[in-house]
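The values are calculated or read from the model by the stated rules, or taken from the named source; none is laboratory data. No experiment lies behind these values; they were computed from the predicted model shown. Virtual Cβ from ideal backbone geometry, glycine too; neighbours counted across all protein chains shown.
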Amino acid sequence: MNKNHKITGNGPLLDKNGVLREPGWANFLVFDYSPDAVAKSKKNRLKEWDYYLIMNSEGKYALSFTFADNRYMGLVCCSVFDFETKEKFDCTEVQLFPNGKLNLPATSEKGDIAFKSKTCDYHIDRTEDGRHIYCKYERCFNHTELEADVYLKQPPMDTMVIATPWTEDKKAFYYNQKITCMNASGYVKVKGRTYTFDSSKDFGILDWGRGVWTYNNTWYWGIGSGLVDGKPFGYNIGYGFGDTSNASENMLFYDGKCHKLDLVDFGIPTGNVMDEWIMTSNDNRFNMRFKPFFNDHTNISAGVICEKAEKLFGMLNGTAVLDDGTVLEIKDIPVFHEKVHHKW
């Protein structure tokens, strides 16, 4: 049984030996993260990322933004998904050995991100009530011309935070925050098409992560946002990120409040991953059917680095039970689920 230890303290994330001070979960960022506190022998294993995903409420298209500094490789990317035409448009800048030069903030609560090159102008500005994301790519090599201007409004609400070590390496850790139900407005233009987002019904999520990872990992993650009975509903489920014996990152969100789940079975079909997934929780509070309609599949092997991933977009239906016993009926909410095996 998962202990689901709730972190109540604050202060430095790591102790003087570079070991996680207190594993568990919280509903907001509680620790002070600093890459300088990471053990010297682990600094080249440090990984930092900010990943945003915005989905059209009808499941017709989606937009993602990625900033990642994995010390030996950096990634600055914007991707547009057209689910009606089954097309994906990627605009990507790869940085070799950035070693922290992308200057990703130590917290999601404040700090801006910026990147500029000959073909790319990209920034994420933290505002008083949300985030303004703008990027423009000029035609170059495998780039297509693209411009995105999006605002994500984050009202006062709970989030999911988890801090976990790895069993086999106590100086490896995973510090992560997931924010759902951010109202999305704006547009992205690519290939002569314009995709717009309506803040009254379209939502964005943030996957904010900092950590020292071990070399070989497989993880499972699912997240989504939508409206249920006129109120924002979101969820985050996942495992495979280090030792989760102290807490899972499984959580429901409804009308700004979090509701903690215990363990979730993703119910991934044994045959075709595009078949319907039947997801259940051991506390019987999460009973969902996930039907994928698009697979952003990757299978990359480059020497000691590889990625095999099923990154799936689809519709969610089922029931979710809040802490007070209220049962929510979930109908046709567009969501994202993935199964990823990494050696990095």
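Test each condition in (1) surrounded by fewer than 19 Cβ atoms within 10 Å (Cβ to Cβ); (2) modelled with pLDDT of 95 or more for I133 and report the one that comes out false.
Looking at each condition in turn, I133 falls short on (1).
For S225, state whether it is free of Cβ contacts under 8 Å to residues at least 40 places away in the same chain, among the hydroxyl-bearing types (S, T, Y) and farther than 19 Å from C135 by Cα.
Numbers: free of Cβ contacts under 8 Å to residues at least 40 places away in the same chain: no; among the hydroxyl-bearing types (S, T, Y): yes; farther than 19 Å from C135 by Cα: yes.
It is false that S225 is free of Cβ contacts under 8 Å to residues at least 40 places away in the same chain, among the hydroxyl-bearing types (S, T, Y) and farther than 19 Å from C135 by Cα.
In the list E147, E138, which residue meets the criterion of being of a type in the set (D, E), under 26 Å from K60 (Cα atoms) and at pLDDT 95 or above?
Details: E138 fails: at pLDDT 95 or above.
None of the others qualify; the one that does is E147.
Scan (1) farther than 20 Å from D207 by Cα; (2) of a type outside the set (S, T, Y); (3) touching a residue at least 24 places away in the same chain (Cβ under 8 Å); (4) in a loop (DSSP other than H, G, I, E, B) for the single condition F290 breaks and write down its number.
Of (1) farther than 20 Å from D207 by Cα; (2) of a type outside the set (S, T, Y); (3) touching a residue at least 24 places away in the same chain (Cβ under 8 Å); (4) in a loop (DSSP other than H, G, I, E, B), only one is false for F290: (4).
Would you point out which residue out of T218, T159 is under 25 Å from V340 (Cα atoms), crowded, with 22+ Cβ neighbours inside 10 Å and within 17 Å of the chain's Cα centre (by Cα)? Give the steps one after another, and end with the answer.
On the way: T218 fails: crowded, with 22+ Cβ neighbours inside 10 Å.
So the residue among T218, T159 that is under 25 Å from V340 (Cα atoms), crowded, with 22+ Cβ neighbours inside 10 Å and within 17 Å of the chain's Cα centre (by Cα) is T159.
Pick out the one residue from R45, R71 that is closer than 23 Å to Y174 by Cβ, among the basic types (K, R) and in contact with a helix residue (DSSP H, G or I) (Cβ under 8 Å, 6 or more places away or on another chain).
The unique qualifying residue is R71.
Is there any pair linking a residue in the range 92-120 that is farther than 23 Å from S79 by Cα to one that is modelled with pLDDT of 90 or more and aliphatic (A, V, I, L, M), with Cβ under 7 Å and at least six apart or on different chains, and which?
Cβ pairs passing all conditions: T107/L29; E109/L29.
Taking the range 293-321, which residues are surrounded by 17 or more Cβ atoms within 10 Å (Cβ to Cβ) and assigned to a loop (DSSP other than H, G, I, E, B)?
Selection gives D296 alone.
Restricting attention to the range 261-292, which residues are of a type in the set (S, T, Y) and either under 18 Å from I333 (Cα atoms) or surrounded by 14 or more Cβ atoms within 10 Å (Cβ to Cβ) (or both)?
The answer is T280, S281.
So which of T8, T85 is closer than 30 Å to D283 by Cβ, surrounded by fewer than 16 Cβ atoms within 10 Å (Cβ to Cβ) and without any contact (Cβ under 8 Å) to a residue 24 or more places away in the chain?
T8 is the lone residue from the list that is closer than 30 Å to D283 by Cβ, surrounded by fewer than 16 Cβ atoms within 10 Å (Cβ to Cβ) and without any contact (Cβ under 8 Å) to a residue 24 or more places away in the chain.
Only one of (1) part of a loop (DSSP other than H, G, I, E, B); (2) buried (at least 21 other Cβ atoms within 10 Å of the Cβ) fails for S245. Which number is that?
(2)
Quick check on my filter: what residues within the range 226-242 are at pLDDT 95 or above, of a type in the set (G, A, S) and assigned to a loop (DSSP other than H, G, I, E, B)?
Once the filter is applied, which keeps residues that are at pLDDT 95 or above, of a type in the set (G, A, S) and assigned to a loop (DSSP other than H, G, I, E, B), the range 226-242 yields only G230.
Taking T107 as meeting all but one of (1) closer than 25 Å to S185 by Cα; (2) crowded, with 16+ Cβ neighbours inside 10 Å, write down the number of the exception.
Here T107 clears every test but (2).
Considering the range 100-127 alone, what residues qualify as being part of a loop (DSSP other than H, G, I, E, B) and among the aliphatic types (A, V, I, L, M)?
L102, L104, A106
Evaluate the range 160-169: report whether one residue or more is in contact (Cβ under 8 Å) with a residue 24 or more places away in the chain, in a strand (DSSP E or B) and hydroxyl-bearing (S, T, Y).
Checked the range 160-169: at least one residue is in contact (Cβ under 8 Å) with a residue 24 or more places away in the chain, in a strand (DSSP E or B) and hydroxyl-bearing (S, T, Y).
Filter the range 263-287 for residues that are outside any strand (DSSP E or B), at pLDDT 95 or above and in contact with a Ser or Thr (Cβ under 8 Å, 6 or more places away or on another chain) and give the result.
Answer for the range 263-287, where residues must be outside any strand (DSSP E or B), at pLDDT 95 or above and in contact with a Ser or Thr (Cβ under 8 Å, 6 or more places away or on another chain): just G267.
So which pairs qualify, if the first residue must be in the range 174-196 and more than 30 Å from P35 (Cα to Cα) and in a strand (DSSP E or B), the second must be among the charged types (D, E, K, R) and modelled with pLDDT under 95, the Cβ gap must be under 9 Å, and the two must be at least 6 apart or on different chains?
K189/E145; V190/E145
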